[in-house]
Amino acid sequence: MPRNIKSGLIQMSLPMTEGEGTIDEIKEAMVQKHIPYIEEAGKQGVQILCLQEIFNTPYFCPGQDSTWYASAETVPGPTVEQMQEYAKKYSMVMVVPIYEKEQAGILYNTAAVIDADGTYLGKYRKNHIPHTSGFWEKFFFRPGNLGYPVFETTYANVGIYICYDRHFPEGARALGLNGAEIVYNPSATVAGLSQYLWKLEQPAHAVANGYFMGCINRVGKEKPWDLGQFYGSSYFVNPRGEIVSIASENHDELLVAEFDLDMIDEVRSTWQFFRDRRPESYDELIMP
């Protein structure tokens, strides 16, 4: 029988700006803004839902304000536990990206994975951390140290690759070799230099590794940072590199798509990239 999956992505703008509330109030407002979309996903029968990068805060990395350290929380912790209730309510796997505090001074850009019965399965920590004009992420996040795990959920084997990670093919390949059938890339990216790459790199990863991808971006402008316009355009892409569904550039939106995981076997039976790999010839790629 076909392995049909219905998946959803939520792209969202910030409900308030810095100065309009405390960090806790901003976080709560962002969660509350997401809840109707999460509920709608559940009512539509979405089986796997992914939220955007650090979904319950602004993308605060254009500045270097240590105040935002206080927005980090444990994983699992309060926000993950809240999302576990929705996952269980709707029998819906959820990928929940948040700012993680492992202990004082040890903070990560993380995504928790919750199974359809509400069970916390584990987490991925963003491995590649940018530090350039407008993206001062090393001020806020340590590089991930959990490798490239794949989570065996009720519906599919799920991998996570967060935002800047997408510029690195090595981790995308590792997720494929580790058995990922769908890789989600929650992001926060603005119009400008890398916008044309948004619809280039992830279809290329999907083709090279023979899996589906769900790619999520924010929308709107976030004050006071004025980094630029988050251009949305969240989308799903299949193992042939075809974008099968895409969201708007400027609206809060739940994007839902259905696809058949059996396409993975069909595509890999044609394009034998895993068979024809030559890892013994790639030593130079892992030299420091």
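Residues are listed down the side, and each one gets a yes or a no for (1) within 22 Å of Val158 (Cβ to Cβ); (2) modelled with pLDDT under 95; (3) in contact with an Asp or Glu (Cβ under 8 Å, 6 or more places away or on another chain):
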{"residue": "Thr74", "(1), (2), (3)": "yes, no, yes"}
{"residue": "Val80", "(1), (2), (3)": "yes, no, no"}
{"residue": "Glu85", "(1), (2), (3)": "yes, no, no"}
{"residue": "Lys88", "(1), (2), (3)": "yes, no, yes"}
{"residue": "Val96", "(1), (2), (3)": "yes, no, no"}
{"residue": "Lys101", "(1), (2), (3)": "no, no, yes"}
{"residue": "Thr110", "(1), (2), (3)": "yes, no, yes"}
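Kindly evaluate Lys33 against the criterion of being under 30 Å from His131 (Cα atoms), basic (Lys, Arg), touching a residue at least 40 places away in the same chain (Cβ under 8 Å) and buried (at least 17 other Cβ atoms within 10 Å of the Cβ).
yes
If Leu254 passes every condition in (1) out of contact with any helix residue (DSSP H, G or I) (no Cβ under 8 Å at 6 or more places or on another chain); (2) of a type in the set (A, V, I, L, M, F, W, C); (3) within 23 Å of Thr153 (Cβ to Cβ) but one, which one does it miss?
So Leu254 meets the others, but not (1).
From the set of residues in the stretch 192-205 that are surrounded by 14 or more Cβ atoms within 10 Å (Cβ to Cβ), of a type outside the set (Lys, Arg) and outside any helix (DSSP H, G or I), which is farthest from the chain's Cα centre (by Cα)?
Ser194
Looking only at the stretch 73-87, filter to residues that are surrounded by 16 or more Cβ atoms within 10 Å (Cβ to Cβ) and either within 22 Å of Ala188 (Cα to Cα) or charged (D, E, K, R) (or both); which one of those is farthest from the chain's Cα centre (by Cα)?
Per the criteria, the residue is Glu73.
From the list Pro78, Pro130, Pro97, Pro149, which residue is in contact (Cβ under 8 Å) with a residue 60 or more places away in the chain and out of contact with any His (no Cβ under 8 Å at 6 or more places or on another chain)?
Testing whether each residue is in contact (Cβ under 8 Å) with a residue 60 or more places away in the chain and out of contact with any His (no Cβ under 8 Å at 6 or more places or on another chain) leaves just Pro97.
Identify all residues within the stretch 28-50 that are within 19 Å of the chain's Cα centre (by Cα) and either closer than 23 Å to Asn157 by Cβ or at pLDDT below 95 (or both); write none if there are none.
Within the stretch 28-50, Ile38, Ala41, Gly42, Val46, Gln47, Ile48, Leu49, Cys50 meet the criteria.
The values are calculated or read from the model by the stated rules, or taken from the named source; none is laboratory data. Quick caveat: nothing in here was measured; it's all calculated off a predicted structure. We place every Cβ from the backbone using ideal geometry, glycine too, and count neighbours over all the protein chains shown.
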